[in-house]
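Engineer: Would you mind keeping the following structure in view while I ask a few things?
Nothing in this text is a laboratory measurement; each read-out follows from the coordinates by a stated rule. On a predicted model such as this, the values are computed, not experimentally measured, just so you know. With ideal geometry, Cβ positions are generated from the backbone for all residues, glycine too; neighbour counts draw on all protein chains shown.
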Amino acid sequence: MGIIQSKNVVLLGMLLKSELFTNYDIRFFPIFITKMKLFTPLILFALFLFFSCGEPTAAIDESLEDTEEISSDVMEEKDEGKTEIKVSADFLRGKFAPEQHEDFVEISTKYASREGMYLQREVYEAFKQMYEVAKKEGISLEIRSATRNFDAQKRIWENKWLGKRPSAGVNAMETYPDPVDRANNILLYSSMPGTSRHHWGTDIDLNSFDNSWFAEGEGLKLYNWMLENASNFGFCQPYTELGEDRPTGYQEEKWHWSYLPLAVSYTQAAKKLLRNEDISGFMGAETAIEIGIVENYVLGINPVCK
Ligand SMILES: [Zn+2]
């Protein structure tokens with residue numbers, strides 16, 4: 001789009017600079033009129049090309065994927081021609097208050113382990129349907145964590161960074177004096193502020209934060225039920241076992257589920273709008289570039305969830 005447009009500008013510029021427009025002296029008026037007649041269709045065609053390509057820069061053309069041409073930090077996507085989803089980099093980075101956001105609702109304690117958790121309305125409706133069907137089949141789903149904005153994630157991250165809270169079973173500050181090593185340790189299970197899927201209001205953690213709970217008994221039954229049924233309600237497990245299909249990112253999290261009808265758009269938006277150098281505002285943020293936080297973590301998800 002940009003290239004075509006700039007070609008048109010050149011074409012129009014050439015026409016404007018041509019003798020057609022410089023010979024405006026009244027003595028040459030008959031010649032001017034004659035030339036106008038000859039050139040009018042050409043000028044009209046050039047004008048048509050020029051204006052037909054003048055769409056807003058924020059509109060996304062799929063052909064621009066993986067290019068550096070998008071300067072706007074706002075993106076609009078059509079979801080199967082129905083819902084128009086507007087995504088800003090600030091939204092993706094969790095720079096908002098869910099309790100004040102019109103698309104977010106508080107989760108009833110019927111479904112959650114505590115008060116004060118939020119989800120996007122559409123995600124909540126889908127979860128409630130899944131909850132009821134699961135319940136009839138003897139599965140008791142409980143939301144342990146939902147939306148966490150930038151500030152909430154920053155508290156978690158910095159407590160681990162300073163060793164106030166254990167990270168993967170160790171005091172990260174004492175064990176890893178090197179900033180990149182320390183960040184990599186925290187990243188086993190926690191996201192850097194600004195890069196978490198929990199910012200989006202589409203992701204939930206269910207029942208237990210321990211993979212071993214899901215390996216037997218009630219937990220295994222619940223996990224198997226989710227593997228078989230969650231996709232019927234739009235949910236997908238983004239952090240599956242690391243391996244060939246998912247070479248980079250967080251360790252496996254059997255508790256973390258993502259609502260794809262919204263999250264797929266956000267993942268695509270994150271690919272285009274989030275830059276490692278823009279991840280900032282917390283201790284250790286300078287490691288984001290070396291770690292490649294966007295490509296390796298934000299996009300390091302189960303390919304089925306993309
Ligand atoms: Zn989670």
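Engineer: Please arrange 105, 180, 294 by how many other C-beta atoms lie within 10 Å of their C-beta, fewest to most.
Structural biologist: 180, 105, 294
Engineer: Pairs 128/154; 221/254; 135/221; 110/221; 86/128: which are spaced more than 18 Å apart, C-alpha to C-alpha?
Structural biologist: Working: 128/154 29 Å; 221/254 12 Å; 135/221 12 Å; 110/221 21 Å; 86/128 25 Å.
The pairs that break the limit, which is 18 Å between Cα atoms, are 128/154; 110/221; 86/128.
Engineer: Also, quick follow-up: Can you compute the charge dipole magnitude of the range 75-305 about its Cα centre, using +1 on each Lys and Arg Cβ and -1 on each Asp and Glu Cβ, nothing else charged? Give it in debye, rounded to the nearest 20.
Structural biologist: 380 debye
Engineer: At what distance in angstrom do the alpha carbon centres of the range 260-281 and the range 134-185 lie from each other?
Structural biologist: 20 Å
Engineer: Using modelled backbone amide H atoms (1.01 Å from N, in-plane), which distant-in-sequence or interchain residues come within less than 5 Å of residue 167's amide H?
Structural biologist: Under 5 Å from the amide H of residue 167 lie the amide H atoms of 172, each far enough along the sequence or on another chain.
Engineer: Here is a further query. Between residue 224 and residue 184, 0.36 nm times their residue separation minus their Cα-Cα distance comes to what?
Structural biologist: Answer, rounded to one decimal: 11.4 nm.
Engineer: While we're looking at this one, here's another question. Shape call for the range 147-306 from the C-alpha gyration tensor, a ≥ b ≥ c root eigenvalues: rounded (a/c under 1.5), prolate (a/b greater than b/c) or oblate?
Structural biologist: Here the range 147-306 falls in the oblate category.
Engineer: Another question, then. Per 0.36 nm of contour for each residue apart, how much would the distance between residue 210 and residue 128 grow if the chain were fully extended, relative to their Cα-Cα spacing?
Structural biologist: Length gained between residue 210 and residue 128: 27.2 nm.
Engineer: Residue 97 to residue 115: extension gain in nm, 0.36 nm per residue of separation minus the Cα-Cα distance?
Structural biologist: 4.9 nm
Engineer: Right, next: What net charge is computed for the residues neighbouring residue 199, neighbours being all others with C-beta under 12 Å from the C-beta of residue 199, Lys and Arg scored +1, Asp and Glu -1?
Structural biologist: +2
Engineer: Report the FRET efficiency, 1/(1 + (r/R0)^6), for residue 136 and residue 175, where r is their Cβ-Cβ distance and R0 is 45 Å, rounded to 0.05.
Structural biologist: 0.45
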